[in-house]
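First the structure, in the form of structure tokens, and then the observations on it.
The values are calculated or read from the model by the stated rules, or taken from the named source; none is laboratory data. Note that this is a predicted model, so its numbers are computed, not measured. No Cβ is skipped: glycine too gets one built from the backbone with ideal geometry, and neighbour counts run over all protein chains shown.
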């Protein structure tokens, strides 16, 4: 009974970490138009608040992965949360745009630890079959948070302005810190202890299966964040969507992914995973075609654009659940660094994609859509390549 209660508290702490990681971006995104007016910013500078956050996250990830393999998970998580709290305070009281940039950078640096290490706590504790189920459930919870965040953020911005969103992130960061402090155990490190060296990353890069898997996750992740980052300017700035309505458009994508992940977590062990990955690949192709057609027509209908992108979002559920734990098991003693490379690479390309989309944005979906479908095409090719790689898929079968 006591052990079950301890695991419940641990999972509660992990859920809070995932919620914070999911809401850290989407909660304040509805404030973009107000921030643009308040600080007299161009679309490029507004998108900079996302890119600088991704940059901080990315730079931190490589140290987080290394430190977590060397010193353990808990101390790195607590340190990251303290940095996130400090960055949130700076954003909340920012008098100038430069202060917002620094605060967003610190939030990105700090959120990296709980974002990737929460999953590693699961990977350290459970066998692969159970990991996939829990990853699906945690993905669902995190993306439910992402889904509800724009709705909550829209109403907070409506009544408390942009400062209210940063105050909410600050409060959630403080609660997560104390939950992690009291309920995340200090797991003993596996001996011999991993050496604190960049060579660990070199060994990962030399692994062709891991490089392929990491590349796929980067290509799959980037379209979503380009869409999320550009949608406030597109939907509210040029398509006439109100602040109240905006949260529902963006929230629908994350909510569908969340519910799909939760349901898939219940059935993941019952079906042939290779076949499910192939079905996802075909859905990627459908998403590529539907978004390409909407971009070609240069649609100004937010419902049409959202539905076209929803196909790709649904297609991402299965690969995200199945492949992530499999790739971690390809190099078990360097899970922190493998996870860091996956997360860091995704954020680098998301930041570059956002800046590229912001630079070519001309008040419609066309240019944004063309950039998005380029990444979807690459994610489709890498997924089918993974499915045909025995050194990856046979490892998945051995671990089940």
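Structure notes:
- Subset tally (residues that are farther than 12 Å from residue 39 by Cβ and assigned to a helix (DSSP H, G or I)) for the stretch 92-108: 8
- Test: residue 299 is crowded, with 16+ Cβ neighbours inside 10 Å and either modelled with pLDDT of 90 or more or in a helix (DSSP H, G or I) (or both): no
- Here the condition is being touching a residue at least 60 places away in the same chain (Cβ under 8 Å) and in contact with a helix residue (DSSP H, G or I) (Cβ under 6 Å, 6 or more places away or on another chain); of 27, 49, it holds for 27 alone.
- Yes/no for residue 41 being more than 20 Å from the chain's Cα centre (by Cα), surrounded by fewer than 17 Cβ atoms within 10 Å (Cβ to Cβ) and in contact (Cβ under 8 Å) with a residue 12 or more places away in the chain: no
- For the stretch 232-245, the candidate set comprises residues that are in contact (Cβ under 8 Å) with a residue 40 or more places away in the chain and under 17 Å from residue 160 (Cα atoms); within that set, the residue that is surrounded by the fewest Cβ atoms within 10 Å (Cβ to Cβ) is 244.
- Qualifying position, being under 22 Å from residue 251 (Cα atoms) and more than 16 Å from the chain's Cα centre (by Cα), among 11, 35, 100: 35
- Qualifying positions in the stretch 327-340 - within 18 Å of the chain's Cα centre (by Cα) and surrounded by fewer than 23 Cβ atoms within 10 Å (Cβ to Cβ): none
- Looking across the stretch 264-295, the residues that are free of Cβ contacts under 8 Å to residues at least 12 places away in the same chain and not in a loop (DSSP other than H, G, I, E, B) come down to 267, 275, 282, 289.
- Test for residue 250: is it closer than 28 Å to residue 137 by Cβ and in a helix (DSSP H, G or I): yes
- Being over 25 Å from residue 67 (Cα atoms) and modelled with pLDDT of 85 or more is a property that holds for residue 165.
- Candidate set from the stretch 59-69 (those that are at pLDDT 80 or above and surrounded by fewer than 20 Cβ atoms within 10 Å (Cβ to Cβ)); member that is farthest from residue 343 (Cα to Cα): 63
- The condition of being at pLDDT below 90, surrounded by 17 or more Cβ atoms within 10 Å (Cβ to Cβ) and more than 20 Å from the chain's Cα centre (by Cα) holds for only one of 56, 48, 72, that being 72.
- Which listed residue, of 122, 111, is in a helix (DSSP H, G or I), surrounded by 24 or more Cβ atoms within 10 Å (Cβ to Cβ) and within 21 Å of the chain's Cα centre (by Cα): 111
- Output for the stretch 215-247, where each listed residue is assigned to a helix (DSSP H, G or I) and over 22 Å from residue 356 (Cα atoms): 243, 244, 245, 246, 247
- Checked against the criterion of being crowded, with 16+ Cβ neighbours inside 10 Å and more than 28 Å from residue 27 (Cβ to Cβ), the stretch 302-322 has at least one qualifying residue.
- Checked against the criteria, residue 345 counts as part of a helix (DSSP H, G or I) and either within 16 Å of the chain's Cα centre (by Cα) or over 23 Å from residue 287 (Cβ atoms) (or both).
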